[in-house]
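A.B. asks: Before I ask anything, here is the structure I am working with.
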Amino acid sequence: MTAPRSTKQRDVISRVLEIAEGPLAVADILARTQSDVPGVGLATVYRTLKLLCDQGSVHPVTLDGETRYEASGRGHHHHFSCTACGRVFTLHACPVSIPSGTVYQGGFVVEAHEITLYGRCPACAATG
Ligand SMILES: [Zn+2]
Ligand SMILES: [Zn+2]
């Protein structure tokens with residue numbers, strides 16, 4: 001017995017996001033899914049992303065006004081956006097030393113932080 005088509009699409013999209021270098025735009029998810037599931041459409045990708053988000057295994061990330069998606073459970077990380085090729089990478093390094101619970105003047109209690117780094121990815125840095 002073969003798996004229903006929708007299950008295969010869901011599995012492929014989950015895997016595309018799991019092995020991705022960082023959060024992916026929907027157009028990238030579509031292109032990468034199509035290499036495994038030829039003919040898959042944008043509506044299916046959107047529907048599947050919504051399902052995976054509802055399940056909590058994937059979540060949206062908004063970067064520079066664009067919604068991207070990434071697999072959940074990656075731990076504390078930041079995003080590196082390449083200004084040359086536009087790709088976004090996950091970086092497990094954390095440049096911020098502000099422990100949760102730090103209190104700033106006026107009584108602002110820090111719980112988390114979010115940072116996007118901009119620069120050149122290894123491939124773009126190598127081509128100068
Ligand atoms: Zn690049
Ligand atoms: Zn951090």
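A.B. asks: Failed condition for ALA71, given (1) over 10 Å from the mean Cα position of the chain (by Cα); (2) small (Gly, Ala, Ser); (3) away from ligand 1 (no atom under 16 Å from the Cβ), with all others met?
C.D. replies: (1)
A.B. asks: Condition test on THR127, is it more than 10 Å from ligand 2 (Cβ to nearest atom) and closer than 13 Å to GLY22 by Cβ?
C.D. replies: Against the criterion (more than 10 Å from ligand 2 (Cβ to nearest atom) and closer than 13 Å to GLY22 by Cβ), THR127 does not qualify.
A.B. asks: Let me ask you something else. Can you tell me which residues in the range 81-100 are within 30 Å of ARG47 (Cβ to Cβ), touching a residue at least 24 places away in the same chain (Cβ under 8 Å) and not charged (D, E, K, R)?
C.D. replies: Matches in the range 81-100: SER81, CYS82, CYS85, VAL88, PHE89, THR90.
FYI, it's all coordinate maths here, none of it is from the lab. Nothing here was measured: the structure is a model prediction, and the numbers come from that model. Using ideal geometry, Cβ is built from the backbone for each residue, glycine included, and neighbour counts are taken over all protein chains shown.
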